[in-house]
């Protein structure tokens, strides 16, 4: 079933690409950026689940690399131990949280004070506010990553195939994050832009963020080799979870509801048939 | 809604109640024994489906309000709080958002069914007009509801659509300021949209009550389009149609839940997962899919005021449809030319929807203009003239005759040996 689906989608994608190339229309409605690489993430499809080990590795990359500039203000430490996520143990989460300082208060004297974070706290943001973040990053605000894989799309197709492809493949938000992270390259014709870096996957091809990932930028606890590709995969999976932390619960509930409703509608059909049979 | 009790009840409490307020009599007469043509097809189940959708939207909406905060600084985060922290909030929120889309899918099918089978013709003009009012109320409710999550498309959609009123000569700017509750789309706008989004569904309920009332005065139309002549033509609403509607509702819910649980963001815009920012305009501002045909009509006309007029006229024209269609024959089954025009209109509306999603440039503008012109020609020229020139096919003398003829055709086909 899913194999035939994949074949149909592949056919549609190829046909779409062929026709658009032939007619010379720019692919991306957003401005001519490259289509994201289609990664087979574990969380795709009706039964897809997050890969716990991958999310734990992804969290490490996020914490060591991304969190230096980007906030993830909607996610709390406690989420890290919730079912359907990275599923760190509660002890691990307490230890992770304790590694951060957060501002609390006011206390009895009316003073704000610093204290170690607890699991109930949100991830602290690296900058006090949007203005501070913008100013510290050369005038470009590093966007909050809480919803990044849902607010970005990895691919655009012509209108006559797009609805069908996206129904099966989704918007490609996690693929976009992955592709952006591995996509830095030398600009064509040696062109240079002050304070900007060339990346064909970005909507305007030039972005303020320099290439964030280098080989062995982090050391994985499970011994996985921290190649750029591996880190990009892991951190984009982690961001997909951060954007949609209740996905597994939703799919599981949905599965049972569909079975229940399916059986009920068959029974209802038989009831209807029986009632109407006597009439004619 | 009849006056006095015509039933005998054996239960003394029911009897006591019914003689003082004949509510049991009314339910029995209107919801159970109500004589309904026996030849209704599955296109007629969308009334029941729509009632179900209204209830789903009300229940999910009332629960969402328990956790939502209508304030520009908190609205976006409160919706995320519902999705992340509230028990089953993720599912309730997605059911409400996708429910709106499926509400519109059902209402469009319901309306096109009315167009195909001439459901708007005498004596059902008022029934139809209340239906158009319901559609308008739905559009207003859906539009204001989409603003509440306060994402980028919420904000900019609200800005673009409310700005349309600035096209009104002399008072335009004043009206827009009045709608916004200030000089820009801001907290006052969000709060009043929230208030109205909560109010309008109850207005919708009242309109639905009138719609059903009017339906129960004239009785259901039917696919053949000849009126009920005798008891032979009808069956009681319960159990025949209650059970058939229930089956259809369940199948419809299967589709809805398929989206809610397995592709919940398919019908929305990714950019609405970015919090509203008055300083950053999104590359493409498009309304929700169910407004796209009207958006295409709006943009097809170069003059802003005329565009707004055309957009509203494309809906308001439906109010006078019963008098624009001059044919006495209701069902398109017996109107061969009208049937062709009907299907062309379906394609035109879908085409307008496609145009509405595209940037207003080049071929898309030309296509929207042609389709808009056809839309208005259909209602204002083709329909009035067609009734005068078209020769309808002979109508069956009654509903039961057409049902019997159909069965006879079926059994002769079955009796013939396979070739």
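The values are calculated or read from the model by the stated rules, or taken from the named source; none is laboratory data. The model shown is predicted, which means the values in this text are computed figures rather than measured ones. Cβ placement follows ideal geometry from the backbone for every residue including glycine, while neighbour counts extend to all protein chains displayed.
Observations
- Residue in the stretch A:239-249 that is modelled with pLDDT of 95 or more, more than 8 Å from every other protein chain (Cβ to nearest Cβ) and within 30 Å of residue B:235 (Cα to Cα) present: no
- Residues considered: A:264, A:167. Of these, the only one that is at pLDDT below 95, part of a helix (DSSP H, G or I) and at negative phi is A:167.
- Sole residue being within 13 Å of chain A (Cβ to nearest Cβ), in contact (Cβ under 8 Å) with a residue 60 or more places away in the chain, surrounded by 15 or more Cβ atoms within 10 Å (Cβ to Cβ) and under 21 Å from residue A:153 (Cβ atoms), chosen from B:286, B:280: B:286
- Residue, surrounded by the fewest Cβ atoms within 10 Å (Cβ to Cβ), within the stretch A:122-140, restricted to residues that are within 14 Å of chain B (Cβ to nearest Cβ), assigned to a loop (DSSP other than H, G, I, E, B) and at pLDDT 95 or above: A:125
- Helices (runs of 4 or more DSSP H) wholly inside the stretch B:360-419 that include at least 2 residues being touching a residue at least 24 places away in the same chain (Cβ under 8 Å) and closer than 23 Å to residue B:286 by Cα: B:363-377
- The selection criterion, being under 16 Å from residue A:66 (Cβ atoms) and either without any contact (Cβ under 8 Å) to a residue 12 or more places away in the chain or within 12 Å of chain B (Cβ to nearest Cβ) (or both), does not hold for residue A:190.
- Residue in the stretch B:253-263 that is in contact with a strand residue (DSSP E or B) (Cβ under 9 Å, 6 or more places away or on another chain), at the interface with another protein chain (Cβ under 7 Å from one of its Cβ atoms) and in a loop (DSSP other than H, G, I, E, B) present: no
- All positions within the stretch B:116-127 that are part of a helix (DSSP H, G or I) and buried (at least 21 other Cβ atoms within 10 Å of the Cβ): B:116, B:127
- Hits in the stretch A:60-78 - residues which are assigned to a helix (DSSP H, G or I) and either more than 20 Å from residue B:81 (Cα to Cα) or out of contact with any strand residue (DSSP E or B) (no Cβ under 9 Å at 6 or more places or on another chain) (or both): A:60, A:61, A:62, A:63, A:64, A:66, A:67, A:68, A:78
- In the set (1) assigned to a helix (DSSP H, G or I); (2) at negative phi, the condition left unmet by residue A:189 is number (2).
- The set of residues in the stretch B:350-359 that are in contact with a helix residue (DSSP H, G or I) (Cβ under 6 Å, 6 or more places away or on another chain) and in a loop (DSSP other than H, G, I, E, B) contains only B:358.
- When A:260, A:176 are screened for being within 11 Å of chain B (Cβ to nearest Cβ), in contact (Cβ under 8 Å) with a residue 60 or more places away in the chain and out of contact with any strand residue (DSSP E or B) (no Cβ under 7 Å at 6 or more places or on another chain), only A:176 passes.
- Evaluated against (1) surrounded by fewer than 14 Cβ atoms within 10 Å (Cβ to Cβ); (2) within 9 Å of another protein chain (Cβ to nearest Cβ); (3) in a helix (DSSP H, G or I), residue A:275 falls short on exactly one condition, (1).
- Hits in the stretch A:184-202 - residues which are under 15 Å from residue A:35 (Cα atoms) and surrounded by fewer than 18 Cβ atoms within 10 Å (Cβ to Cβ): A:200
- Put simply, of B:136, B:164, B:148 the only residue that is modelled with pLDDT under 95 and within 22 Å of residue B:189 (Cα to Cα) is B:164.
- All positions within the stretch A:67-95 that are under 18 Å from the mean Cα position of the chain (by Cα) and more than 17 Å from residue A:245 (Cβ to Cβ): A:67, A:69, A:70
- Search result, residues across the stretch A:83-102 that are crowded, with 18+ Cβ neighbours inside 10 Å and part of a loop (DSSP other than H, G, I, E, B): A:84, A:85, A:86, A:88
- Taking the stretch B:264-277 as the range and being under 14 Å from residue A:143 (Cβ atoms) and facing another protein chain (nearest Cβ under 7 Å) as the test, the residues that pass are B:270, B:271, B:273, B:274.
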